[in-house]
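Notes to accompany the following structure.
Every number here is computed from the coordinates shown, using simple stated rules; none is lab data. Just so it is clear, the model here is predicted, and its values are computed rather than measured. Neighbour counts run over all protein chains shown; Cβ positions are idealised from the backbone, glycine included.
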Amino acid sequence: MASPYNIASARAQPNIAIVKYWGNRDHRLRLPANSSLSMNLADLHTTTTVRWSADLLDDRLTINGKSPTVAALQRVQTHLDSLRRRLGTKRRAQVDSRNNFPMGAGIASSASAFAALTMAAVAALRQDMSQRELTTLARLGSGSAARSIPGGFVEWRAADSHEESYAETIAPADHWQLDDVIAIVSDQHKRVGSTSGHASASSSLFQPARVETAMQRLREAKQAIAQRDFERLARVAEADSNLMHAVMMTSSPPLFYWQPLTLAVMAAVRNWREAEGLRVCYTLDAGPNVHCICAADDALAVAARMADLSPEIAILRSPVGGGAVVLPN
């Protein structure tokens, strides 16, 4: 007699983009306006268990042991519908998702969440799938989730078709010993999520220029990573982050994620690099928290200086991490 359900768990890491994804050429398929580049964060993760069951009438979801918002449940159900079509099943799913870091605060929780959900859902039905296709499926739930499937330093390719917009590793996690020292200036869930921001990006006069010049920054960032050239990486990462937030601030309606402490950390990071010689640079995703990418040898010094800036700053630290994995039963 066939089992009424299949179950699997997977773990994925968030990623921090060095060349950003902001805006889509196709919102339904989450095809990005430009290619992007990121690194995974080893010590932060989402663990998701998916149980496909013939006995369930509706999809069910818990996040960190609690019932989700209506919007979060609907987003997961929409992604499960995409997975059902690809996997050839009509079963409903029980999904349990847990994070060891703040959600919705600009630390790419949706990236790790939908990467882990995709991996677990496919594994639960014992289906084989290439990593490339897994990245395209994860992208349907959250664009940056494509980058959390492969490991290390990852490029997500922009394209006009679903199959060609995929992510792949350009350098493994151990290629360059970098740490991300994250200044948590707020762990509150942001009022305007990235999905809404992507939809309004084209209303900014700066978005066409940002997209047109993104490939130049991508090439420079890839060369900096290949050569382990920190100064070059710092210039690209900070410029690209500033450009994305300029688009946010000039969109309609405008998005202002920066807070006073955000600006204080950004200014301090530049001073630590330029005046003290620490190998550190800043970059921000869609939120107020500052990712301070630094050489691993300088991470303790960066964290100590960050702690001295303000008692209101919490600090997370992570080296570069690997890709999403299915966990043993």
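Using 1/(1 + (r/R0)^6) with R0 = 22 angstrom and r between the beta carbons of ARG132 and ASP26, what's the FRET efficiency to the nearest 0.05?
0.75
Report the FRET efficiency, 1/(1 + (r/R0)^6), for ARG232 and ILE315, where r is their Cβ-Cβ distance and R0 is 25 Å, rounded to 0.05.
0.45
May I have the extent of the alpha carbons of the chain along their three principal axes, as whole Å values ordered from largest to smallest?
Taking the Cα atoms of the chain, the three principal extents are 70, 38, 37 Å.
From the phi angles alone, apply the Karplus equation (6.51, -1.76, 1.60; θ = phi - 60°) to region 127-132 and give each ³J(HN,Hα) in whole Hz, x where the residue is Gly or Pro.
Values per residue, Gly and Pro as x: 9, 8, 8, 5, 4, 4 Hz.
Going by a ≥ b ≥ c, the root eigenvalues of the Cα gyration tensor, does region 99-174 fall in the rounded group (a/c under 1.5), the prolate group (a/b larger than b/c) or the oblate group?
rounded
Please turn the phi angles of region 151-161 into ³J(HN,Hα) values with the Karplus equation 6.51 cos²θ - 1.76 cosθ + 1.60 (θ = phi - 60°), one per residue in order, whole Hz, x for glycine and proline.
Going residue by residue, I get x, x, 8, 10, 9, 10, 7, 6, 7, 9, 10 Hz, with x marking Gly and Pro.
Which of the trypsin sites (Lys or Arg not before Pro) across region 242-329 are loop residues per DSSP, with 11 or fewer other Cβ within 10 Å?
Here no trypsin sites (Lys or Arg not before Pro) fit, given the DSSP loop and packing criteria.
Please report the relative contact order for the chain, taking Cα pairs under 8 Å with a sequence separation of at least 6, and give it as a percent rounded to a whole number. The partial results should precede the final answer.
Details: 749 pairs, mean separation 85.1, N = 329.
The normalised contact order for the chain reaches 26 percent.
Over the chain, with a Gaussian network built from C-alpha contacts below 10 Å, which listed residue (MET244, MET103, MET39) shows the highest mean-square fluctuation?
Greatest mean-square fluctuation among the candidates belongs to MET103.
What are the residues whose amide H is under 5 Å from the amide H of LEU255, where those residues sit 5 or more places off or on another chain and H is modelled from the backbone?
Residues meeting the criterion, in which the H sits 1.01 Å from N, are MET249, THR250.
If I model a spin label at LYS66 and ILE7 as a point 7 Å from the Cα along the Cα→Cβ vector, what separation in nanometres do I get?
Result for the modelled spin labels: 2.5 nm.
Measuring from label point to label point, each 7 Å out along Cα→Cβ, what is the ARG98 to LEU263 span in nm?
Taking the two extended label points, one gets 4.1 nm.
Give me the number: length gained by fully extending VAL326 to ASP187, i.e. 0.36 nm times residue separation minus the C-alpha to C-alpha distance, one decimal in nm.
On the way: separation 139, 0.36 × 139 = 50.04 nm, distance 2.83 nm.
Once the chain is fully extended between VAL326 and ASP187, it gains 47.2 nm.
Give me the dipole magnitude in Debye, nearest 20, for region 92-219 about the Cα centre, with unit charges on the beta carbon: positive for Lys and Arg, negative for Asp and Glu. Each step should come with its number before you reach the end.
Numbers: 12 positive and 13 negative charges, 74 e Å.
Result for region 92-219 is approximately 360 debye, rounded to the nearest 20.
Please state the shape class of region 100-237: rounded when a/c is under 1.5, otherwise prolate if a/b exceeds b/c and oblate if not, all from the C-alpha gyration tensor.
It comes out rounded by the Cα gyration axes.
I'm a student and want to see the number: the projected area of the Cα convex hull of region 1-89, averaged over all directions, in nm².
The directionally averaged projection comes out at 8.1 nm².
Classify region 206-329 as rounded, prolate or oblate, taking a ≥ b ≥ c as the square roots of the eigenvalues of its Cα gyration tensor: rounded when a/c is under 1.5, otherwise prolate if a/b is larger than b/c and oblate if not.
rounded
Take a quick pass over the chain and tell me how many lysine pairs come in under 26 angstrom between Cα atoms, counting only ones 8 or more apart or on separate chains.
The result is 4.
Among GLY277, GLY23, GLY151, determine the one that fluctuates most according to a GNM of the chain built with springs between C-alpha atoms less than 10 Å apart.
Comparing GLY277, GLY23, GLY151 in a Gaussian network model of the chain, the most mobile one is GLY277.
Quick check for me: using +1 on Lys/Arg Cβ and -1 on Asp/Glu Cβ, what's the dipole size of the chain about its Cα centre, in debye to the nearest 20?
Details: 35 positive and 31 negative charges, 197 e Å.
Taking the Cα centre of the chain as origin, the dipole is about 940 debye.
Which whole-Hz couplings ³J(HN,Hα) result when phi for each residue of region 303-318 is put into the Karplus expression 6.51 cos²θ - 1.76 cosθ + 1.60, θ = phi - 60°, listed in order with x for Gly and Pro?
Calculated HN-Hα couplings, in order: 4, 5, 5, 5, 4, 6, 5, 6, x, 7, 8, 9, 10, 10, 9, 8 Hz.
In whole percent, what relative contact order does region 102-151 give with Cα contacts below 8 Å and a gap of six or more residues?
Here the relative contact order equals 42 percent.
Which angle between 0 and 90 degrees, to the nearest 10, do you get for helix 70-87 versus the longest principal axis of the chain when only C-alpha atoms count?
60
In nm, what is the difference between 0.36 nm times the number of residues separating ASP308 and ALA275 and their Cα-Cα distance?
This chain segment gains 10.2 nm when fully extended.
Rounded to the nearest 0.05, what FRET efficiency do LEU205 and LEU125 give with R0 = 51 Å and r taken as the Cβ-Cβ distance? Could you check? Could you put the intermediate results ahead of the total?
Values: r = 46 Å, r/R0 = 0.91.
Efficiency, rounded to the nearest 0.05: 0.65.
Around ILE170, which amide H atoms from residues at least 5 apart in sequence, or from another chain, sit under 5 Å from its own amide H, with H modelled in the peptide plane?
PHE153, VAL154, GLU155
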